[in-house]
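Notes for the one structure printed next.
A short reminder: the numbers here are calculations on the coordinates, not readings from a lab. Keep in mind it's a predicted model, so treat the numbers as computed, not measured. Reconstructed Cβ throughout: ideal geometry from the backbone, glycine too, with neighbour counts over all protein chains shown.
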Amino acid sequence: MTPFGIDLGTTNSCIAYVDESGRPVVVKNALGEETTPSAVYFERAGHAVIGSAARNSALLAPHLVVQSIKRQMGRPDAEYTFHGERFTPEKISALLLRRLAVDAERQTAGPVRDVVITVPAYFGVAEREATRRAGRIAGLNVVDLLDEPVAAALSRLRRQPVPGVRHLLVYDLGGGTFDTTVIEASGQDIRVVCTDGDLRLGGTDWDERIIAFLTAAFTEQTGLDPTADEHFMQEVRITAEQLKKELSSTVSRHRNLRFAGAVARVELSRQRLEELTADLLDRTMEITARTVEKARAAGVDRIDEVLLVGGMTKMPVIAERLEELLGLRPHRHERDLAVARGAALFALTRQARTAGGRSDGGAEEVADRLGITAAEGDALVARRVAGVLPPGHRDEDRRPQGSAGDDRSAAGAKLHPPSAPGGHPAADQHRSDHHRHRSGQPARGRDRDLGTEESGQLDRTGRQHPGGLRPASRLAPGAAEGHSPPARDLHGRDRSADRARQRTDVGQGDAVRAADRRHGRRRRGGRPRVRGRYRTTL
Ligand SMILES: Nc1ncnc2c1ncn2[C@@H]1O[C@H](COP(=O)(O)OP(=O)(O)OP(=O)(O)O)[C@@H](O)[C@H]1O
Ligand SMILES: [Mg+2]
């Protein structure tokens, strides 16, 4: 069965697999997009719209749209209610994952079951467990989680063994977060040397600056202040992001802004955009320089290649500044797709290795399927990936603690940071796990990662607090209840898009029953009650 790699992003998600020729291929969704916005619109009970249409729905029904759910992963207090049903971040993420899986099933005409999901290098135990749980709720078998920068490096290196030792710096600027990681590749081994970043720095910060610029220009021209008007501000938000993207390939753009019968024509040039956001870019450069310094302290004497990852790195100024800083022209590869592609390659490696451990010639089967030689198949199986060196961790924390070269024993990859730069909201959640490990007490987080996933998840789940915080912006009391769904043409869908409407049920199976148990929902007769069989459409 073909394994898949999934980049479950804050802003956009992507799914890929390795085809018969050994190429990692990104699956387009039913709308023909290579990435699907990580937005969920709870249109009505039992039905969620995913992707671009969901994102656009934020304009008219912001209280029914969830975006950037990745930022809430692992938070025991994050909970949402839509149409009378409660949702944890992982259940919402499961809707996204299920949608990606359905699109992949449609394109490959095969089942999607075994997946590798990527996570940011800074994700701690709680966030990683939540990600695994999301996969299980979506009915997927999460064979492993992979750090995003490692996935990007794998995508770059493909199956080629690296002669000698090479160091790659991955600069990843996405919609909501920035991270930079130094990776060492040698032969078939890939390891993280160090990682750093700012969890609160991303494309939306650039958008905010453009929004401020546009609204100030509107006020200057018309004498009106539209900033209290939610609808206007939502529209300006969309306009700002569009302008930002367009200015990556053109040098100037204008827009007409309308409010209360007044119209203002506002011009924005690439140069002005760069001035408005110079401090944000400077911040990423400072962090990059710091990361290089850390790598140097860990014995890395040169960076051989710079990889750009994340939609924001399409801004030309980023490559220019990195070249100034590091004296290297960054590699402009598949910036939006590299992480999913690398995850697909890794998923295949895992499958080949599992098959290789059997005596039924499974490894040759995988090699055959990929049209590669037995030697290449062996090389694939031999590839070792050591993941995270969390921010602030000592090198010895990352080194394999079991038998040399066994990536499952590369326990450092499984030791997750107590906190991360930028103050990740979930950091506190796993601080105690970290402390226990560092203080020589049982390393619970590590045990879970080494194979007690099931019990670990249930333990963790059992501690979650169902009546916790509800993000205020979308959950004013009763706001999600009784809302009549907006008109269908809100999404701009035509009849041809109906083909995209395939039934996917999320909210069934063991994992969901576990989630229901967590919320104390029980069927009469003591069996967990399964609620929320969600149909998702694009
Ligand atoms: N051509 C472009 N020029 C400038 N910015 C762009 C361009 N295309 C996309 N972006 C921006 O990239 C960001 C999304 O990047 P990406 O899809 O890599 O994020 P993500 O992986 O979902 O987020 P994260 O890495 O924070 O989890 C958005 O802010 C978007 O506006
Ligand atoms: Mg990303």
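Brief remarks follow.
- When the square roots of the Cα gyration tensor eigenvalues are ordered a ≥ b ≥ c, the ratio a/c for the stretch 44-132 is 1.5 or more and a/b does not exceed b/c, which makes its shape oblate.
- Taking N as its residue count, the alpha carbon Rg of the stretch 203-277 over 2.2 N^0.38 Å: 1.02
- Relative compactness, the stretch 255-322, computed as alpha-carbon Rg over 2.2 N^0.38 Å: 1.67
- Computed from the C-beta positions of Arg533 and Arg265 and an R0 of 56 Å, the FRET efficiency is 0.70 to the nearest 0.05.
- The order of the peptides 53-63, 256-266 by mean Cβ neighbours within 10 Å, most packed first, is 53-63, 256-266.
- Site pair His231 and Arg283 shows an inter-label distance of 3.3 nm when each label is modelled 7 Å from Cα along Cα→Cβ.
- Contour excess over end-to-end distance, with Cα ends at Leu276 and Ser21 and 0.36 nm allotted per residue: 87.2 nm
- Residue pairs, from the table Lys28/Lys91; Lys91/Lys244; Lys28/Lys314; Lys70/Lys314; Lys70/Lys245; Lys245/Lys294, whose Cα atoms sit over 25 Å apart: Lys91/Lys244; Lys245/Lys294
- Rounded to the nearest whole Hz, the Karplus-based 3J(HN,Hα) values (6.51 cos²θ - 1.76 cosθ + 1.60, θ = phi - 60°) of the stretch 308-313 follow the sequence 8, 10, x, x, 5, 6, with x at glycine and proline.
- Take each peptide in 12-23, 41-52, count the other Cβ atoms within 10 Å of every residue, and average; sorted highest first, the result is 41-52, 12-23.
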